[in-house]
Amino acid sequence: MYNYFATTSKGLEGVLADEIAALGGKRIAAGTGGVSFSGNRELSLRANLWLRTANRVLLQLSEFSAPTPEALYEGAKAVPWPDLFTVRSKIAVEATVRDSAITHSHFAAQKTKDAVVDRFRDAVRARPDVDTSAPDVRIHLRIVRDACTLSLDTSGESLNRRGYRADPADASLRETVAAGIVLLSGWDGQVPLSDPACGAGTIPIEAALFASRFAPGLLRASFGFQKHADYRPKLWSSLLDEARGAVRRSGTGRIEGCDISAEAIGGAGRNAQRAGVSDIVSFKRRDIREFSPGEPSGVIICNPPYGIRIPGEEGGIEEFYRAMGEAFKKRCRGWTAYVLSGSPTATRHIGLKASRRFPLMNGPIDCRLLKYEMY
């Protein structure tokens, strides 16, 4: 059994904990910005393959007190780094420091790097190179109140980068946050789902991946654990085959995205093709004033603009939200809407009272996922 920590956006810790439990994780504990759990090495592979709301899966290596630079160096050097990856690997150390005697994260990362390369030099008389832009191995260091945790990143590039959003005009909503919103809504994949302000199509695409049981890791070419010493290619290949066999292409509810921008709709369609879900999600150009889901019931999920001007609209943000509220009230009776709000002032113009509010961070923006029930 090994100890892991999966990072996520604040507000999605409970959703991520449920995902990890479904994969068989043990000793699950949700904290701020992530979830700790335990399991075997196969679980870490499954976590990278299947988790929809995790940004990284970290393998915890060591915990020790680091009140001084010397203590940090000795604690880091005590880890058997040559047993974890080869000297040919390019490494990077990422550090966060809070409420500790060591106050600078860059200094802490440098001290840890020195310990790693010195351990290699003592063991094999050679040292790994450092590459902060495209490392083979990422080492994570966290010091809080002088308590240090060293971890090995099993994910590599952040898991939110599925690989299907290649257009430069794509919205800033992370794929993992979009998936988290879908899971927070409780949508089961059977009833219709519509996004009236879809932009790059991230929410409908993540909904389609969830409804079709498509593991998001299938879209990625590589992971951090593939550079680790204990990587087992045959096991990983069998897990990929298992995931491919779990995909279903029928029985899902209608999934659609709408946007006034023809450029956004074109990009969303291309994103859906790259994600492999163009057969179960559709996009159409439509003004928010004309939005109508066209069925008696379903779920609306959207991340409308927070800014002052709306691309393609002559009116400002207030007019957009007022028009969205009118569409909800007049043409969406029987539906439930979830709106990610980064502007309380703007969402007041929807003209409906939210029945529930979920605190959620969208990058650096403190948001609320607002639930509206149109009876």
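Of all residues in region 182-209, those satisfying the criterion of being part of a strand (DSSP E or B) and not polar (S, T, N, Q) are Leu193, Asp195. Would you be able to say whether some residue in region 320-335 is more than 18 Å from Ser185 (Cβ to Cβ), small (Gly, Ala, Ser) and surrounded by fewer than 16 Cβ atoms within 10 Å (Cβ to Cβ)? Within region 320-335, not a single residue is more than 18 Å from Ser185 (Cβ to Cβ), small (Gly, Ala, Ser) and surrounded by fewer than 16 Cβ atoms within 10 Å (Cβ to Cβ). Candidates Val97, Val79: the one that is under 30 Å from Leu239 (Cα atoms) and either surrounded by 15 or more Cβ atoms within 10 Å (Cβ to Cβ) or aliphatic (A, V, I, L, M) (or both) is Val79. Would region 210-232 turn up any residue that is more than 30 Å from Asp136 (Cα to Cα), hydrophobic (A, V, I, L, M, F, W, C), at pLDDT 95 or above and more than 16 Å from the chain's Cα centre (by Cα)? So far as region 210-232 goes, yes, one or more of its residues are more than 30 Å from Asp136 (Cα to Cα), hydrophobic (A, V, I, L, M, F, W, C), at pLDDT 95 or above and more than 16 Å from the chain's Cα centre (by Cα).
Determine whether region 129-139 contains at least one residue that is crowded, with 21+ Cβ neighbours inside 10 Å, outside any loop (DSSP other than H, G, I, E, B) and among the basic types (Lys, Arg). The answer is yes, given that some residue of region 129-139 is crowded, with 21+ Cβ neighbours inside 10 Å, outside any loop (DSSP other than H, G, I, E, B) and among the basic types (Lys, Arg).
Here's the yes/no breakdown for (1) touching a Gly at 6+ places or on another chain (Cβ under 7 Å); (2) within 23 Å of Arg52 (Cβ to Cβ):
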{"site": "Leu240", "(1), (2)": "no, yes"}
{"site": "Arg244", "(1), (2)": "no, yes"}
{"site": "Ser250", "(1), (2)": "no, yes"}
{"site": "Ala262", "(1), (2)": "no, no"}
{"site": "Ala268", "(1), (2)": "yes, yes"}
{"site": "Gly276", "(1), (2)": "no, yes"}
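Based on this model, can you work out whether Arg121 counts as without any contact (Cβ under 8 Å) to a residue 24 or more places away in the chain and of a type in the set (D, E, K, R)? For Arg121, the condition - without any contact (Cβ under 8 Å) to a residue 24 or more places away in the chain and of a type in the set (D, E, K, R) - is met. Pairs are defined by a Cβ separation below 8 Å, a sequence spacing of at least 6 or placement on different chains, a first member in region 7-32 that is at positive phi, and a second member that is of a type in the set (Gly, Ala, Ser); the pairs so defined are Gly11/Gly180; Gly24/Gly39; Arg27/Ser36; Arg27/Ser38.
Of the candidates Leu369, Leu352, the single residue that is outside the structural domain of Thr7 (by TED's automatic domain parsing), in a loop (DSSP other than H, G, I, E, B), touching a helix residue (DSSP H, G or I) at 6+ places or on another chain (Cβ under 8 Å) and surrounded by 15 or more Cβ atoms within 10 Å (Cβ to Cβ) is Leu352. Within region 236-293, the set of residues being assigned to a loop (DSSP other than H, G, I, E, B) and over 17 Å from Cys198 (Cα atoms) comprises Val247, Arg248, Arg249, Ser250, Gly251, Thr252, Gly253, Gly276, Asp279.
You will find that of Val97, Val93, the residue that is modelled with pLDDT of 95 or more, within 30 Å of Glu42 (Cβ to Cβ) and outside any loop (DSSP other than H, G, I, E, B) is Val93 and no other. The residues of region 227-261 that are polar (S, T, N, Q) and either in contact with a strand residue (DSSP E or B) (Cβ under 7 Å, 6 or more places away or on another chain) or in contact (Cβ under 8 Å) with a residue 12 or more places away in the chain (or both), listed by number, are Thr252, Ser261.
The values are calculated or read from the model by the stated rules, or taken from the named source; none is laboratory data. None of the values given here were measured: they were computed from a predicted structure. So basically every Cβ, Gly included, is an ideal-geometry build from the backbone, and we count neighbours across all protein chains shown.
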